[in-house]
Amino acid sequence: MKHQIDFDRIDLKREAPVEEPARQYYFIAKAREYVHKVSKELARPLTAAVITFGCQMNARDSEKLIGILEQAGYQMTETEQADLVIYNTCTVRDNANQKVYGRLGALNSLKKQNPHMKICLCGCMMQEESALDKIRKSYRFVDLIFGTHNIFKFAELLCTMAESDRMVIDIWKEAEGIVEDLPVERKYAFKSGINIMFGCNNFCSYCIVPYVRGKERSRNPRDIIREIEALVADGVVEVMLLGQNVNSYGKNLEEQISFADLLREVEKVEGLERIRFMTSHPKDLSEEMIQVMKESKKICRHLHLPLQSGSNRILEAMNRCYTKEQYLALVERIRQEIPDMAITTDIIVGFPGETLEDVEETIDVVKRVKYDNAFTFIYSKRTGTPAAAMENQVASEVVKEGFDKLLKVVQDTARERAALLQGQVQTALAEEMNEQDSTLVTGRLSNNTIVHFPGTPDQIGKIVSVRLKECRGFYYIGEQITESG
Ligand code: 5AD
Ligand code: SF4
């Protein structure tokens, strides 16, 4: 989206404004002056790369970082051989952290070849004290570190970094407020994520998110609708409403508004064709929500409903606030009302104290629900969470045995569900040309299934009708149905 502000007209001789977002506009202009100057000296453009780890929230944050970098005059590239590299990190499981440490080592060699190179780190991992300490001590070549709560200050931090020859660190323990109207550059022209809330108040006992993303805060509904209207005017046909627990949207706002109310408002935006959202906590999915989904013409037939475990004992220790029976009853209600709703889930294996009998309970839920897809994770111990202090951590061989068994059932049921669409005609949003075969367009059905069909680049961003001809495991080969045929 083109940003309306003319940054070249901002007077840099004045003091920086105190109010946001005016203050950040000022620093974008200042960063722009710096980039222009260095680029002139080097007689080449300055390049920047944003590398994203983790979830959709991080992907959206990266679009905000790119929006600011582009306005500052950087040329974006995909490779890490750039003048500025940002890692937007994740810390939900330890392997995400390990990846960052590994890649940082390689970045250091690149930096030795390019004296102008700046390395920045941000995201969830930076909110974790032990990770921050390690980087501060062992990765001295990093230039800038900031966290999840002050990402809106990125332009200002870029300027501080440019003026400093030491590592700049700015991490906030809590968020102060939500700053609206900063530049953002979408990855796709035709679809976009929208943050509707930040943080999480659930404190599932294994999860680090509430500690690194802070307390739950909802955005004002009018700001959300205004953003969606602007996106639609700019060519967006599909939005994904993002929050750690979207079903509790509105709880901290003064005005009375629920997620179901918000969905009704989003539905009214003219020109918007598809609505998705992520993630729904089963404990907060109301009957009203089921009715809104059922009646909607725009809400996609896909619900991500994390189960985590099918064992009541483990669910309780996880602090998930529902039982296996309640979860199954909820799924039954959804399927009764909306039979074509695809349901996907997240499952953790190896939570402290989990036995193979507990895993059998989880497998039982998978068999009954028949998920369209399930993300299965091996439990990762996160320092500071209640589960990390539990004594009965599970031996890795036991975890592996349960995990493999579960994975097989997950794959079998997902295949079974995918095959049910054989021969149907459905609408797909054409998203990109197929990487392996450039005669094929890759599209996404309302229920999130991928379909590849013969087509051309001009179809990207359009919603087309396709016949699902051949199921290949989890995806389809299809053909477009033309208006006349
Ligand atoms: N270990 C393994 N998986 C985890 N998740 C969250 N925390 C952990 C952890 N400590 C998984 C949950 C969540 C998904 C985003 O990540 O399944 O739904
Ligand atoms: Fe983590 Fe639970 Fe919040 Fe999801 S709902 S982010 S699993 S604490």
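Here the sum of -39500 (n - 2.57) over DSSP H runs of 4 or more residues, divided by the residues of the chain, equals -11500 deg cm²/dmol at 222 nm, to the nearest 500.
Here r is the Cβ-Cβ distance between Asn114 and Ile5 and R0 is 35 Å; the resulting FRET efficiency, rounded to 0.05, is 0.70.
A crude spin-label estimate for the pair Ala419 and Asp404, with each label 7 Å from Cα along the Cβ direction, gives 2.5 nm. Pairs of Cα atoms nearer than 8 Å and 6+ residues apart set the relative contact order; for segment 111-207 it is 23 percent. Net charge in the neighbourhood of Asn202 (other residues with Cβ under 13 Å of its Cβ; Lys, Arg +1, Asp, Glu -1) is +3.
For the chain, the membrane-span-like helices by this rule, meaning whole DSSP H stretches whose C-alpha atoms cover at least 15 Å of axis and whose Kyte-Doolittle mean is 0.0 or above, are 221-233; this says nothing about an actual membrane. Model label points for Asp94 and Tyr188, set 7 angstrom from Cα along the Cα-to-Cβ axis, are 3.5 nm apart. Lys367 contributes about 110 Å² of solvent-accessible surface, heavy atoms of the protein only, 1.4 Å probe. Taking Cβ atoms as reference points and 14 Å as the exclusive limit, the residues near Ile343 contribute a net charge of +2, counting Lys and Arg as +1 and Asp and Glu as -1.
For a paramagnetic label modelled on Asn392 (point 7 Å from Cα along Cα→Cβ), amide N atoms under 13 Å away belong, within segment 314-339, to 314-318. Take every pair of alpha-carbon atoms less than 8 Å apart whose residues are at least six positions apart; their mean separation over the length of the chain yields a relative contact order of 9 percent.
Mind checking the full-extension length gain between Ile169 and Asn201? Use 0.36 nm per residue of separation minus the Cα-Cα distance, one decimal, nm.
On the way: separation 32, 0.36 × 32 = 11.52 nm, distance 2.66 nm.
Between Ile169 and Asn201, full extension yields 8.9 nm more.
In the chain, taking the dipole from charged Cβ atoms about the Cα centre, the farthest positive-side position among Phe377, Ser164, Pro457 is held by Ser164.
Suppose every K and R has +1 on its Cβ and every D and E has -1 on its Cβ; what is the size of the dipole of the chain about the Cα centre, in Debye to the nearest 20?
On the way: 64 positive and 72 negative charges, 161 e Å.
Using only the charged Cβ atoms, the result is roughly 780 debye.
Over segment 344-415, Cα pairs under 8 Å with separation of 6+ residues give a relative contact order of 49 percent. Length gained on full extension, Lys469 to Ile225: 84.0 nm, using 0.36 nm per residue less the C-alpha separation. Answer with one residue from Met240, Val85, Ala430: the one whose Cα lies farthest towards the positive end of the charge dipole of the chain, charges on Cβ with Lys, Arg +1 and Asp, Glu -1. Result: Val85. Given +1 at the Cβ of Lys and Arg, -1 at the Cβ of Asp and Glu and no other charges, the dipole of segment 13-74 around its Cα centre is 260 debye to the nearest 20. Simple point charges give the picture: +1 on the Cβ of Lys and Arg, -1 on the Cβ of Asp and Glu, and for segment 166-299 a dipole about the Cα centre of about 500 debye. Counting only cysteine Cβ atoms and a cutoff under 4.7 Å, the chain contains unmatched residues Cys55, Cys90, Cys120, Cys122, Cys124, Cys159, Cys200, Cys300, Cys321, Cys471.
The values are calculated or read from the model by the stated rules, or taken from the named source; none is laboratory data. Keep in mind that this is a model prediction, so the values were computed, not measured. Every residue, glycine among them, receives a Cβ derived from its backbone with ideal geometry; neighbour counts consider all protein chains shown. For the accessible areas, the whole protein counts, side chains as well, though only heavy atoms, and no ligand, DNA or RNA atoms are used. Shrake-Rupley method; radii C 1.70, N 1.55, O 1.52, S 1.80 Å.
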